[in-house]
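Report on the following structure.
Read the figures in this text as sums done on the coordinates, not as results from a lab. These figures come from a predicted structure and were not determined experimentally. All Cβ positions, even for glycine, are placed from backbone atoms using ideal geometry, and neighbour counts span all protein chains on display.
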Amino acid sequence: MERTLSIIKPDGVSKGLIGEVIGRFEKAGIKIAAMKMLHMTKDEAKGFYAVHKDKPFFDSLTDFMSSGPIVVMVLEGENVIKKNRELMGATNYKEAEPGTIRADFATDIEKNVVHGSDAPETARTEIAYFFSELEICD
Ligand code: UDP
Ligand code: MG
C-alpha cells in the first residue's frame, strides 16, 4: 500500500470541482485516507513549494496557492502515486492526455486544478506538511 498527497487547488475549489475530482479518485478505486479544507498563507505556500523556490514561477505560484481555500487529501492504494499522476495529466494542460483532470478543467499552466506528489519521498514529506499520523485513517 502506498500513500500520496493530493490537493484540489484554489481554482478547482472556486470552480466547484471538489466532487468531480474526488469522484474520479473513488471511481479509480483509490481510497481517501484523510481530507480537510484550509486556506494557506503565502508563507505556508512557500514552505510547501520550497523545492521550486528558485523557479521563475515561484512567486506567482505561491500567490495563487494562497489565494483561496484548498482541499488536501491523503490518497491510499497500490501504486497510487503513479495512478494519481495519470488521473491528473501533465503539468501543462495543453500536453495532458484527453480525459485527465487537467485536460478537462485547467485553464493555465499554473491554474491546473490539482497537485499530486511525484515520488515516495516527496509523498512522505508533503503528507507530513498537512497531516499528523493521527489524522490519517487506516
Ligand atoms: N507551474 C507554473 N509554471 C510552470 C511550471 C509549473 O506555474 O512553468 C506551477 C503549476 O501550478 C504546477 C506547479 O507549479 O502544478 C508545480 O510544478 P511541477 O513542475 O512540480 O508540476 P506538477 O508536479 O504539479 O505537475
Ligand atoms: Mg510537482
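Do the conditions hold for Met73, that is, is it more than 14 Å from ligand 1 (Cβ to nearest atom) and surrounded by fewer than 16 Cβ atoms within 10 Å (Cβ to Cβ)?
On the way: more than 14 Å from ligand 1 (Cβ to nearest atom): yes; surrounded by fewer than 16 Cβ atoms within 10 Å (Cβ to Cβ): no.
When the stated conditions are applied, Met73 does not pass them.
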* How about segment 84-118: which of its residues are surrounded by 13 or more Cβ atoms within 10 Å (Cβ to Cβ), among the small types (Gly, Ala, Ser) and assigned to a loop (DSSP other than H, G, I, E, B)? -> Gly89, Ala90, Ala96, Ala106, Ser117
* Structure fact -> Thr62 meets each of (1) crowded, with 19+ Cβ neighbours inside 10 Å; (2) under 13 Å from the mean Cα position of the chain (by Cα); (3) part of a helix (DSSP H, G or I) with one exception, condition (2)
* To do: Just name the residue that is nearest to ligand 1 (Cβ to nearest atom) out of those in segment 94-129 that are out of contact with any strand residue (DSSP E or B) (no Cβ under 6 Å at 6 or more places or on another chain) and hydroxyl-bearing (Ser, Thr, Tyr).
  => Thr122
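For every residue, the table says whether it meets (1) under 15 Å from the mean Cα position of the chain (by Cα); (2) at positive phi; (3) of a type in the set (Val, Ile, Thr); (4) part of a loop (DSSP other than H, G, I, E, B).
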position	(1), (2), (3), (4)
Thr4	yes, no, yes, no
Val13	yes, no, yes, no
Ile22	yes, no, yes, no
Gly29	no, yes, no, yes
Ala33	yes, no, no, no
Lys36	yes, no, no, no
Asp43	no, no, no, no
Lys55	no, no, no, yes
Val72	yes, no, yes, no
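Looking at segment 86-125, which of the residues that are of a type in the set (Asp, Glu) and away from ligand 2 (no atom under 13 Å from the Cβ) is nearest to Glu76 (Cα to Cα)? Outline the logic, then answer.
To start, the set of residues in segment 86-125 that are of a type in the set (Asp, Glu) comprises 86, 95, 97, 104, 108, 110, 118, 121.
Still in the running and away from ligand 2 (no atom under 13 Å from the Cβ): 86, 95, 97, 104, 108.
Values: Glu86: 15, Glu95: 27, Glu97: 23, Asp104: 24, Asp108: 28 Å.
For segment 86-125, the residue satisfying everything is Glu86.
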